[in-house]
Each structure stands twice: as structure tokens, then as C-alpha cells.
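Just so you know, all these numbers are worked out from the coordinates, no wet-lab data involved. All of these numbers come straight from a predicted model, not from anything done at the bench. Note that each Cβ is placed from the backbone with ideal geometry, even for glycine, and that neighbours are counted across all protein chains shown.
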Amino acid sequence: SFPPSGNRKLYFDTHAFVCLLEENGFTTQQSEIIVSALINIINNNMNVIYKDMVTKVQQEIALQQIMSHIGGVKKDMIILEKSEFSALRAENEVKDEVSKVRTDSKLDFNLEKSRTKELYSLNERKQLKMRTEVVELHAQQDRALTQTYRKIDTEVAGLKTMLESHKLDTIKYLAGSVFTCLTVALGFYRLWI
């Protein structure tokens, strides 16, 4: 039997992929979520593939059974060839056997085909769900970024307003100081004149 998914090794450098995503503009959290989703998809696909595989031992057993059946049929045919009646009978039996095998094969093929379609459909649903989750995460991030940008814009506007107010106050105090100095200077000027 094949190893369970916990014992299988995934030869994939997740850290390097996270670093690559970060270099291309993703945050660490986004990169880790994307890599986690990718690993889940790979593990699910590997599980589907391993479920459909046959081991070498099983294949050899099936081959030995087929060879033993062929050997038995060969012996029967040698015995039946000794008489014409036996030959006709053997031919009819072979035709019946071939028809039965063909019918069984078609049935097995159709069952496997429907099972494969179901697995494919299940896999598609899982991938669609993962895509939906990734899109939702992007939407949440975009909303958070928009709120942050709005807050920054509001803070900047508040600081600009406060700066303009301070400029106006400074100009008022400067004008008042200049007029006061002029008044004092005019007072001294009148006293001396």
C-alpha cells in the first residue's frame, strides 16, 4: 500500500516561495496564506492520485492470475482439440467467456469513469472554495488598506489645518509685535521732537 499523506514528503521550498512573493509586493501574511493554500491543493491532488494507483505487488498478483487462467485455458484447448465436438464446444465457451469479459470490462470501465468524474468534480469544488477564500482575503485586505489610507488622509488634512491655523496665529502675533514696536518708536520719536 502507498504511504499515508503524513509520511509522504513534499519537495517544495515553501520559505523560498514566501520570500519570492514578498519580493513581488505581497505581505508576509499574504505570502504564507498563499503558500498554505497551495500546499493544501497539492496534498489533496496527491491523495486523489494515490487513491487511484495500484501497487506493484497487486499488479504482479493480477498478472499471475491472468497467466494461470491462460495456462488453464491452453490445457483445456489441447484436450478439446482432440475431437471436433469438443473443439466446437470450446469455441462456444470461449465466445461466451469473451462476451462475459467484455461485458464485465464495460461495466468496470463505466464505474471507473463515473468515479473519476465524481473525484474530478469534488476536486473542482475544493479548488473553487480555495479560490473564493483567497478572493475574500484579498477583499478584506483591500478594505483594510482603504480604511488605513482614509485615516491617513484625514490625519494629514487635520495636520494641514492645524499648520495653517498656527501660521495665521504667528502672522497675527508678528503683525501685533511690529505695530507695537512702531507705536513705541513713534512715541519716542514724538518725545524727542
Exercise for review: Give the angle, between 0 and 90 degrees and rounded to the nearest 10, that separates the Cα long axis of helix 84-192 from the longest principal axis of the Cα atoms of the chain.
Suggested key: 0 degrees
Check your understanding: What's the longest bit of the chain with no exposed trypsin sites (Lys or Arg not before Pro), using DSSP loop states and at most 16 other Cβ atoms within 10 Å as the test?
Key -> 83-193
Review point. If one takes the longest principal axis of the Cα atoms in the chain, at what angle in degrees, from 0 to 90 and to the nearest 10, does the Cα axis of helix 28-52 lie?
Key: 10 degrees
Check your understanding: Taking the range 84-193, which chymotrypsin sites (Phe, Trp or Tyr not before Pro) meet the DSSP loop condition and have no more than 12 other C-beta atoms within 10 Å?
Key -> none
Revision key, fill the gap. Rh (Kirkwood, all Cα-Cα pairs) for the range 82-175, Å, reads 21.6 Å
Revision key, fill the gap. The chain, Gaussian network, Cα under 10 Å: of V101, V134, V35, the residue fluctuating most is V101
Review point. Once the Cα atoms of helix 56-80 and of the chain are each reduced to a long axis, what angle between those two axes, in degrees from 0 to 90 to the nearest 10, is obtained?
Key: 20 degrees
